[in-house]
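Structure incoming, see below.
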Amino acid sequence: MKAVIQCGGMGTRLRPFTSVLPKPLMPIGARPVLELLLKWLRRNGIEEVYITTGYLGHLIRSVCGDGSQWNLKIKYTQEMEPLGTIGPLSLIRDELNDTFVVLNGDVLTDLSLSRFVAAHRMHKDPVTIATACRLIKMDFGVIDEVDNAVQLFREKPTLSHLVSMGIYCMNPDVLRFIPSGIPFGFDDLMLQMMQGGTTVHVYKHDGLWLDIGRVDDFQNAQAIAWEEQSTSIEVAAAAA
């Protein structure tokens, strides 16, 4: 199975640090997040990776090379103009001829790819989204009203939401929804698919997940021994 890592973004949430480093090269301990991500993919049985680059892409190429140091085969794309969060897949549509995994270059997780892919293959639809539950603390009093009359008031509540982890399992037929040469986000893809009556599935992960593009998650990631995060990895199952 092939994996596509999206690394073309400008990392605006982590400025000013990302003024000199692309977000996937931000350090987690002594290692760039992208190296930890590549090692996680390899432990999960992935051998062939495409890295889509744009902003400061030459630095990513310099650090990762051809991937041989991790027993991986890495190829790159380069965006001349930003293509959004899912548009870069149009640059390698001829290479994606079987089920593949797409992930953002700023996520760290202990998700088992074998279980995720197995859940995706249980249906025939093009996309499954890996999801996690996030608690969001509101900074405001939240009001529920009917006809301008307050029905319920909650002072700075904590709300629970199912959110995308930025990891997707896809079939090649999803590429027919993605135009070439123009910016196209994952939200655009979801809108097109659902408007056309195509079901999009979710896979609920209850383990570790951090989005290091968020300052809090970036700081929390520093305290975790990522090289030891392999308890949910089943390479033999993935190979089967």
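The values are calculated or read from the model by the stated rules, or taken from the named source; none is laboratory data. Computed from a prediction, not measured in an experiment: that's the story for all the values here. Here the Cβ is made from the backbone with ideal geometry for all residues, glycine too, and neighbour counts use every protein chain on show. Remember, those area values only see protein heavy atoms, side chains included, never the ligands or the DNA or RNA. Shrake-Rupley method; radii C 1.70, N 1.55, O 1.52, S 1.80 Å.
Taking only the stretch 82-113 into account, find how many residues are acidic (D, E), farther than 20 Å from I28 by Cβ and in contact (Cβ under 8 Å) with a residue 24 or more places away in the chain. Break it down into steps so the answer makes sense when it comes.
Step one: filter the stretch 82-113 for residues acidic (D, E), giving 94-95, 98, 106, 110.
Narrowing further to those that are farther than 20 Å from I28 by Cβ: 94-95, 98.
Narrowing further to those that are in contact (Cβ under 8 Å) with a residue 24 or more places away in the chain: 95, 98.
Adding up the residues that qualify gives 2.
Right, here's the next one. Determine, yes or no, whether L162 is surrounded by 10 or more Cβ atoms within 10 Å (Cβ to Cβ) and either under 26 Å from F100 (Cβ atoms) or not acidic (D, E) (or both). Give the steps one after another, and end with the answer.
On the way: surrounded by 10 or more Cβ atoms within 10 Å (Cβ to Cβ): yes; either under 26 Å from F100 (Cβ atoms) or not acidic (D, E) (or both): yes.
Yes, satisfied.
Considering the stretch 40-63 alone, what residues qualify as being open to solvent by 40 Å² or more (accessible area, probe 1.4 Å) and of a type outside the set (A, V, I, L, M, F, W, C)?
Matches in the stretch 40-63: R42, R43, E47, E48, Y55, H58, R61, S62.
Follow-up question, since we're still on this one. Of all residues being within 23 Å of E35 (Cα to Cα) and touching a Phe, Trp or Tyr at 6+ places or on another chain (Cβ under 6 Å) in the stretch 85-104, which is surrounded by the fewest Cβ atoms within 10 Å (Cβ to Cβ)? Just the residue, please.
By that ranking, first place goes to I92.
Filter the stretch 12-26 for residues that are open to solvent by less than 60 Å² (accessible area, probe 1.4 Å) and not aliphatic (A, V, I, L, M); which is modelled with the highest pLDDT?
Only one residue fits best here, namely P24.
For (1) closer than 10 Å to H205 by Cβ; (2) buried (at least 22 other Cβ atoms within 10 Å of the Cβ); (3) under 15 Å from the mean Cα position of the chain (by Cα), each residue gets a yes or a no:
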residue	(1), (2), (3)
D106	no, yes, yes
V117	no, no, yes
H120	no, yes, no
P126	no, yes, no
A130	yes, yes, yes
D139	no, no, no
V146	no, no, no
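Within the stretch 202-223, track down each residue that is at pLDDT 95 or above and exposed (fewer than 15 other Cβ atoms within 10 Å of the Cβ).
Passing the criteria: V202, K204.
I've got another one for you. Right, R154: over 28 Å from L111 (Cα atoms) and of a type in the set (K, R) or not?
Details: over 28 Å from L111 (Cα atoms): yes; of a type in the set (K, R): yes.
In short, yes.
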